[in-house]
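Novice: Dropping the structure in here first, questions after.
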Amino acid sequence: MKPTQISAPADERRLNLFEFAQARRELAGSYALREMPRLLQALSGDTAALGDVRWRLRGSLRELPGGGLQPCAELAVRAALPMQCQRCLQTALQDIDEQVVFRLVDAEPEITLEELEADDEALDARAPIDLHELVEDQLILALPLVPMHETCPRPLDAGEPVRIERESPFAVLERLRKPQRTD
Ligand SMILES: [Zn+2]
């Protein structure tokens with residue numbers, strides 16, 4: 001098994017995916033989420049605290065039923081994305097763990113029913129591919145339509161019991177003993 005090749009980011013911005021698949025190359029790395037402006041629009045909370053997306057790209061040649069080889073590229077992305085919970089409106093981390101197989105084609109893919117129902121996705125790889133953009137696209141496609149906490153920390157729904165933090169009786173006493181401020 002060949003070790004994972006890590007190339008310079010400049011290469012990753014202009015990948016020839018046909019060559020990548022022919023050579024059965026593999027690349028892995030991570031990109032900072034805060035450098036993905038299109039994705040940022042869907043996120044909430046403090047963007048300075050954003051982490052990375054870990055990705056892996058694997059080239060392969062798949063045997064076609066009628067003979068011949070189909071160049072493919074498999075992309076896996078993994079990230080925790082802060083989004084606004086649609087139940088309590090606070091920030092909820094959404095775990096993304098997605099894989100997609102691109103069938104590399106040398107034409108603009110047609111939107112046909114067959115294409116829409118295919119397990120893999122046709123990708124026009126005639127021009128060099130910007131892997132950074134491809135990873136960002138994949139994350140955007142993987143975003144949940146209705147982001148939510150599994151369990152909201154403080155439910156706003158009036159029907160839900162609200163947990164009140166119990167204050168120490170000494171702290172309450174201390175506050176009562178302080179003179180009222182008059183400013
Ligand atoms: Zn919530």
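The values are calculated or read from the model by the stated rules, or taken from the named source; none is laboratory data. A quick note: this is a predicted structure, and the numbers were derived from the prediction, not measured. Using ideal geometry, Cβ is built from the backbone for each residue, glycine included, and neighbour counts are taken over all protein chains shown.
Novice: Inside the range 51-90, can you point out the residues that are over 24 Å from Ile129 (Cβ atoms), touching a strand residue (DSSP E or B) at 6+ places or on another chain (Cβ under 7 Å) and of a type in the set (A, V, I, L, M, F, W, C)?
Specialist: Ala80, Met83, Cys85
Novice: Here is a further query. Any idea how many residues of the range 8-47 are at pLDDT below 85 and within 24 Å of Asp97 (Cβ to Cβ)?
Specialist: Summing the residues that are at pLDDT below 85 and within 24 Å of Asp97 (Cβ to Cβ) in the range 8-47 gives 4.
Novice: Would you confirm whether any residue within the range 13-34 is within 21 Å of Ala73 (Cβ to Cβ) and without any contact (Cβ under 8 Å) to a residue 24 or more places away in the chain? Quick ask: steps written out before the conclusion?
Specialist: Kept after step one, since they are within 21 Å of Ala73 (Cβ to Cβ), are these residues of the range 13-34: 13-31.
When the remaining residues are screened for being without any contact (Cβ under 8 Å) to a residue 24 or more places away in the chain, the result is 19.
So far as the range 13-34 goes, yes, one or more of its residues are within 21 Å of Ala73 (Cβ to Cβ) and without any contact (Cβ under 8 Å) to a residue 24 or more places away in the chain.
Novice: Here is a further query. Just to be sure, is Leu145 at pLDDT 95 or above, within 25 Å of Ala32 (Cα to Cα) and away from the ligand (no atom under 15 Å from the Cβ)?
Specialist: Values: at pLDDT 95 or above: no; within 25 Å of Ala32 (Cα to Cα): yes; away from the ligand (no atom under 15 Å from the Cβ): yes.
The answer is no for Leu145.
Novice: Could you please find all residues in the range 119-148 being under 25 Å from Asp11 (Cβ atoms), among the acidic types (Asp, Glu) and not in a helix (DSSP H, G or I)?
Specialist: Residues satisfying the conditions are Asp120, Glu121, Asp124, Asp130.
Novice: Tell me, yes or no, whether the range 149-171 has at least one residue that is of a type in the set (Val, Ile, Thr), at pLDDT below 95 and more than 16 Å from the ligand (Cβ to nearest atom). Quick ask: steps written out before the conclusion?
Specialist: Kept after step one, since they are of a type in the set (Val, Ile, Thr), are these residues of the range 149-171: 151, 162, 164.
Keeping just the survivors that are at pLDDT below 95 gives 151, 162, 164.
Pick out the ones that are also more than 16 Å from the ligand (Cβ to nearest atom) and you get 164.
Looking through the range 149-171, at least one residue is of a type in the set (Val, Ile, Thr), at pLDDT below 95 and more than 16 Å from the ligand (Cβ to nearest atom).
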